[in-house]
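The values are calculated or read from the model by the stated rules, or taken from the named source; none is laboratory data. Model, not experiment: these values are computed from the prediction. Here Cβ is always computed from backbone atoms with ideal geometry, including for glycine, and neighbour counts include all displayed protein chains.
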Amino acid sequence: MNQAVLVALGGVLQTLGLLAAAPLLKTAIRRMKARLQNRQGPPWRQGYYDLAKLLRKEPVRSETASWIYVAGPRVYFSAAVAATTLVPVVAAAAPLESAGGILLLVGTLALGRFALATAALDTGSPFGGMGASRDMTIAALAEPALMLGLFTSALAAGSLNLGVLVRSLLQHGVSFHPADLLAFAGLFIIVIAETGRIPVDNPATHLELTMIHEAMVLEYAGPDLALVEWASGVKELLYLTLLIDLLIPAGMATSAAPGALLLGAAAWAGKIAILAVAVTVTESVNAKLRLFRVPELVSVSLGLGFLALAIRFL
Amino acid sequence: MTGDILILSAAGMLVTAYLMVGQKALFTAIRLFAVQSLFLAIVAATMAISASRHELFVMAGLTVVLKAALIPWFLMRVIDRIGIHREIEPFLNVPASLLVCLGLTVVGYRVSTGFPEGTGGVSHHLIGVALSMLLIGLFLMVTRKKAITQILALLTVESAVFLVAVGVTSGMPFVVELGISFDVILAVLILGVLVHRIVDRFESMDVSRLSKLKG
């Protein structure tokens with residue numbers, strides 16, 4: 001009984017922690033990017049200010065919008081929150097790992113994406129439809145690539161369950177296989193594509209021709225928009241955590257001792273910071289790709305995923 | 001630890017070779033080659049420390065100076081001068097090329113499993129990566145039209161051979177390795193001049209137009 005309470009508490013804390021850290025990650029990347037461009041950048045709390053501002057506002061919805069439009073951001077947000085319970089973050093166990101593993105995680109994220117794309121189509125505005133169709137085009141390629149990358153690690157550990165996978169990786173200690181790096185490179189491209197970062201999408205623009213994710217959520221305002229933005233932040237943090245779990249799990253807490261958990265949290269924060277720097281640099285040194293080039297980039301990552309899986313077998 | 005560094009660097013070389021196939025901008029392809037050379041230098045330096053073959057430090061240094069700095073700089077200058085920044089127009093489109101390279105890598109890796117394991121237990125991976133890169137380099141040479149990309153493909157092949165020589169064998173004589181390094185830089189210089197000549201005559205870097213050259 002005591003064990004179950006502990007696990008439940010850990011799960012709630014983990015989800016709340018990720019929710020709290022998500023705006024900070026977004027601000028940190030924006031700050032670093034600004035610094036690289038010789039600008040000051042927003043203050044550290046800007047992400048929280050933005051969310052608070054949006055949440056205080058009144059939701060403005062189109063007269064033609066149906067319940068689907070209202071449900072979209074809520075399902076998207078809930079899916080992101082549900083997904084956080086499937087991924088080990090600080091300790092080498094996911095709170096709800098008995099519910100499912102990699103496939104459930106990918107499915108949950110796909111559900112959120114589906115809800116948002118459907119909601120974007122709902123009002124019948126051309127931008128929403130365009131954004132939704134673009135987002136789905138990329139997702140159709142990115143999703144199998146994500147699964148291939150995850151399967152490469154799962155094959156090494158012999159389990160599709162993320163908790164079991166991380167524990168087995170920790171047990172065997174650090175030993176690299178060339179497939180690991182191939183999978184990492186493939187997954188990194190997917191993270192860039194899925195979080196709408198620069199070679200694929202520009203999170204800072206509202207130019208008609210180039211936006212993908214922004215076009216899809218263009219009509220949302222107030223609390224609806226806040227939910228979408230927040231969920232996007234959580235998803236980004238989740239993807240980076242996934243990269244850490246699969247390839248550099250060293251330092252994660254294997255027991256519930258406070259010291260181990262603290263160390264695990266510090267290691268996690270440090271590794272997220274390193275990956276955030278990598279994302280920032282990628283975003284700063286690359287130009288945005290033309291939309292028709294994006295499938296090529298994503299197919300590179302699909303190829304890397306296939307290759308990693310093939311090499312794993314040989 | 002040594003094995004991990006070797007495997008990671010070798011895998012990094014394979015990733016850059018793969019990204020080069022998926023890449024259409026010339027400048028980025030050149031930068032990828034520079035990164036690949038840095039990985040090669042890491043392999044050489046790691047072998048120098050772990051097997052205490054100190055002449056390999058010189059090779060690592062030469063690789064950094066020549067292949068990660070000088071040759072990329074020279075190629076970028078060539079591109080700047082002839083003013084062709086345009087994208088590479090391959091005979092095969094990117095997804096098809098990637099698929100072919102995937103097959104080539106699997107072949108390279110499958111062949112490498114036949115080699116006996118070395119002392120470090122990493123030679124299987126190093127040979128696999130090197131064979132795959134060799135095949136990818138040859139494939140790039142055949143399917144790309146732009147002369148600059150063909151030079152990059154040639155250099156990729158050379159890096160693959162160097163990877164096997166450093167990582168798996170007990171090493172070539174120092175003089176031979178030095179000679180190869182200078183051969184490479186000379187080849188790039190001559191090819192650079194050749195690219196200028198091609199562009200002068202055809203106003204394009206497209207080598208498929210060379211078949212129109214009749215005496």
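Quick notes on this one:
- Residue count, the range B:1-26 (criterion: more than 18 Å from residue A:300 (Cα to Cα) and more than 10 Å from chain A (Cβ to nearest Cβ)): 1
- Filtered by the rule that a residue be free of Cβ contacts under 8 Å to residues at least 12 places away in the same chain and either in contact with a Lys or Arg (Cβ under 8 Å, 6 or more places away or on another chain) or small (Gly, Ala, Ser) (or both), the range A:27-40 gives a lone residue, A:34.
- Hey, residue A:308 surrounded by fewer than 21 Cβ atoms within 10 Å (Cβ to Cβ) and either within 13 Å of chain B (Cβ to nearest Cβ) or assigned to a helix (DSSP H, G or I) (or both) or not: no
- Filtered residue count, the range A:276-292, keeping only those that are of a type in the set (D, E, K, R) and facing chain B (nearest Cβ under 10 Å): 0
- Filter pass, residue A:303 being within 14 Å of chain B (Cβ to nearest Cβ), crowded, with 18+ Cβ neighbours inside 10 Å and out of contact with any Lys or Arg (no Cβ under 6 Å at 6 or more places or on another chain): yes
- Some residue of the range B:91-98 being touching a helix residue (DSSP H, G or I) at 6+ places or on another chain (Cβ under 8 Å), at pLDDT 90 or above and aromatic (Phe, Trp, Tyr): no
- Looking at A:112, A:124, just one residue is within 14 Å of the chain's Cα centre (by Cα) and more than 26 Å from residue A:170 (Cα to Cα), and that residue is A:112.
- Selection from the range B:61-71 of residues that are buried (at least 22 other Cβ atoms within 10 Å of the Cβ) and either in contact with a strand residue (DSSP E or B) (Cβ under 8 Å, 6 or more places away or on another chain) or of a type outside the set (D, E, K, R) (or both): B:63, B:71
- The residues in the range B:165-188 that are surrounded by fewer than 13 Cβ atoms within 10 Å (Cβ to Cβ) and either in a helix (DSSP H, G or I) or among the aromatic types (Phe, Trp, Tyr) (or both) can be counted, and the count is 6.
- Checking B:53, B:31, B:77 one by one, the residue that is over 18 Å from residue B:174 (Cβ atoms), of a type in the set (Lys, Arg) and more than 14 Å from chain A (Cβ to nearest Cβ) is B:77 and no other.
- The residues of the range B:34-50 that are within 17 Å of the chain's Cα centre (by Cα) and more than 11 Å from chain A (Cβ to nearest Cβ), listed by number, are B:34, B:35, B:36, B:37, B:38, B:40, B:41, B:42, B:43, B:44.
- Which numbered condition residue A:24 misses (of (1) of a type in the set (A, V, I, L, M); (2) touching a residue at least 40 places away in the same chain (Cβ under 8 Å); (3) within 30 Å of residue A:258 (Cα to Cα)): (2)
- Members of the range A:78-103 found to be modelled with pLDDT of 90 or more, farther than 18 Å from residue A:22 by Cα and crowded, with 18+ Cβ neighbours inside 10 Å, listed by number: A:102
- Every listed requirement among (1) away from every other protein chain (no Cβ under 14 Å); (2) more than 22 Å from residue B:79 (Cβ to Cβ) is met by residue B:201 save one, (2).
- Filtered residue count, the range A:157-191, keeping only those that are among the small types (Gly, Ala, Ser) and within 14 Å of chain B (Cβ to nearest Cβ): 6
- The condition of being part of a loop (DSSP other than H, G, I, E, B), surrounded by fewer than 17 Cβ atoms within 10 Å (Cβ to Cβ) and either at pLDDT below 90 or among the hydroxyl-bearing types (Ser, Thr, Tyr) (or both) holds for only one of A:137, A:118, A:64, that being A:64.
- For the range A:13-58, filtering for residues that are assigned to a helix (DSSP H, G or I) and surrounded by fewer than 12 Cβ atoms within 10 Å (Cβ to Cβ) leaves 3.
- Filtering A:28, A:52 for residues that are among the small types (Gly, Ala, Ser) and farther than 17 Å from residue A:203 by Cβ leaves a single hit, A:52.
- Entry remark, the range A:141-156: residues being of a type in the set (Gly, Ala, Ser) and away from chain B (no Cβ under 14 Å) number 3 in total.
- Failed condition for residue A:295, given (1) of a type outside the set (Phe, Trp, Tyr); (2) part of a helix (DSSP H, G or I); (3) more than 14 Å from chain B (Cβ to nearest Cβ); (4) under 20 Å from the mean Cα position of the chain (by Cα): (3)
- Qualifying residue in the range A:91-104 (condition: in a loop (DSSP other than H, G, I, E, B), over 16 Å from the mean Cα position of the chain (by Cα), farther than 20 Å from residue A:269 by Cβ and polar (S, T, N, Q)): yes
- Residue ID - nearest to residue B:9 (Cα to Cα), chosen from residues in the range A:134-177 that are of a type in the set (Val, Ile, Thr) and within 22 Å of the chain's Cα centre (by Cα): A:152
- Per the listing B:53, B:31, the residue uniquely within 22 Å of residue B:123 (Cα to Cα) and surrounded by fewer than 23 Cβ atoms within 10 Å (Cβ to Cβ) is B:53.
- Only listed residue being out of contact with any strand residue (DSSP E or B) (no Cβ under 8 Å at 6 or more places or on another chain), within 14 Å of chain B (Cβ to nearest Cβ), more than 23 Å from residue A:82 (Cα to Cα) and not β-branched (Val, Ile, Thr), chosen from A:273, A:221, A:250, A:267: A:250
- Residue within the range B:125-137 that is more than 14 Å from chain A (Cβ to nearest Cβ), under 27 Å from residue B:28 (Cβ atoms) and surrounded by 15 or more Cβ atoms within 10 Å (Cβ to Cβ) present: yes
- Against the list (1) of a type outside the set (A, V, I, L, M); (2) closer than 25 Å to residue B:124 by Cβ; (3) in contact with a helix residue (DSSP H, G or I) (Cβ under 7 Å, 6 or more places away or on another chain), the condition residue B:169 fails is (3).
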